[in-house]
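The block underneath contains the structure these notes are about, expressed in structure tokens.
The values are calculated or read from the model by the stated rules, or taken from the named source; none is laboratory data. All figures in this text were calculated on a predicted structure; none of them were measured in a lab. No Cβ is skipped: glycine too gets one built from the backbone with ideal geometry, and neighbour counts run over all protein chains shown.
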Amino acid sequence: MPGRYEPENARSEPAEARAELPSVPRRGSTLAVALAVLWLAGSSAAQQPVERPMARVEVPAGEEQALLELAASGEASAELRADPSFRVIETVARWAKGWEQQDPDRYLASYAEGFRPSSGASRSAWEATRRQRILAPSSIRLTLLDLQVVVEGETATASFRQIYESDRFGDVVRKTLQLRQTDAGWRIQREDAVAVRSSP
């Protein structure tokens with residue numbers, strides 16, 4: 001069906017794992033942003049391996065949207081933006097905003113030049129399909145929950161529960177983005193998803 005979202009490399013989970021699309025707040029409070037920022041900074045600073053610095057961040061439940069909105073706004077402090085974990089979150093936030101605001105150029109700019117669709121399609125064919133699916137709905141609502149980020153050297157992984165809703169389709173997937181550091185910043189190298197629930 002035109003406009004139907006089909007997640008990259010999606011696999012269905014058992015029926016008992018399926019759930020109704022949850023209701024989530026669209027904006028976080030200033031306090032939620034502050035708590036998430038403090039938690040992020042403290043978590044990253046606590047990691048001190050010698051050879052390949054690694055930071056693991058699990059954003060507190062209920063504060064994901066607030067942190068993502070801060071990251072997408074470009075208004076974070078210089079100290080916070082110097083944290084590699086937050087820079088990864090900025091890329092995820094721009095990717096999500098580009099999709100939700102139906103701006104395919106912004107969305108596609110989050111992918112590395114070496115990104116290859118897991119479907120096996122060519123990059124040009126994949127981009128054409130993504131543009132059509134982003135622009136076809138009248139509106140899109142995208143929410144990311146249970147956000148976790150792991151940074152190790154010049155590679156990173158961001159995983160989360162993604163809730164997609166439009167006038168044409170809705171689903172919930174568990175998504176993993178593998179990113180790498182490039183001259184342009186953190187970019188998505190691979191994208192995988194496991195379907196939790198979908199509706200026509």
- Query: Mind checking which residues of the stretch 151-164 are surrounded by fewer than 19 Cβ atoms within 10 Å (Cβ to Cβ) and not hydroxyl-bearing (Ser, Thr, Tyr)?
  - Reply: Glu152, Gly153, Glu154, Arg161
- Go through (1) of a type in the set (A, V, I, L, M); (2) within 15 Å of the chain's Cα centre (by Cα); (3) more than 17 Å from Leu135 (Cα to Cα) one by one and return the number of the condition Leu108 breaks. (3)
- Task: Name the helices (runs of 4 or more DSSP H) wholly inside the stretch 63-176 in which the number of residues that are at pLDDT 95 or above is 2 or more.
- Result: 84-100, 104-108, 123-135
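Taking Glu165 as the residue in question, decide whether it is among the charged types (D, E, K, R) and under 24 Å from Asp83 (Cβ atoms).
Details: among the charged types (D, E, K, R): yes; under 24 Å from Asp83 (Cβ atoms): no.
Judged against the criteria, Glu165 is not a match.
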- Message: Take the conditions at pLDDT below 95, part of a strand (DSSP E or B) and over 25 Å from Asp83 (Cα atoms) and apply them to Val194. Does it pass?
- Response: yes
- Qualifying residue in the stretch 95-104 (condition: touching a Gly at 6+ places or on another chain (Cβ under 9 Å) and of a type in the set (Lys, Arg)): no
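With in contact with a Phe, Trp or Tyr (Cβ under 8 Å, 6 or more places away or on another chain) and surrounded by fewer than 16 Cβ atoms within 10 Å (Cβ to Cβ) as the only criterion, which of Gln189, Gln132, Gln148 stands out?
Values: Gln189 fails: surrounded by fewer than 16 Cβ atoms within 10 Å (Cβ to Cβ); Gln132 fails: in contact with a Phe, Trp or Tyr (Cβ under 8 Å, 6 or more places away or on another chain).
When all the criteria are applied, what remains is Gln148.
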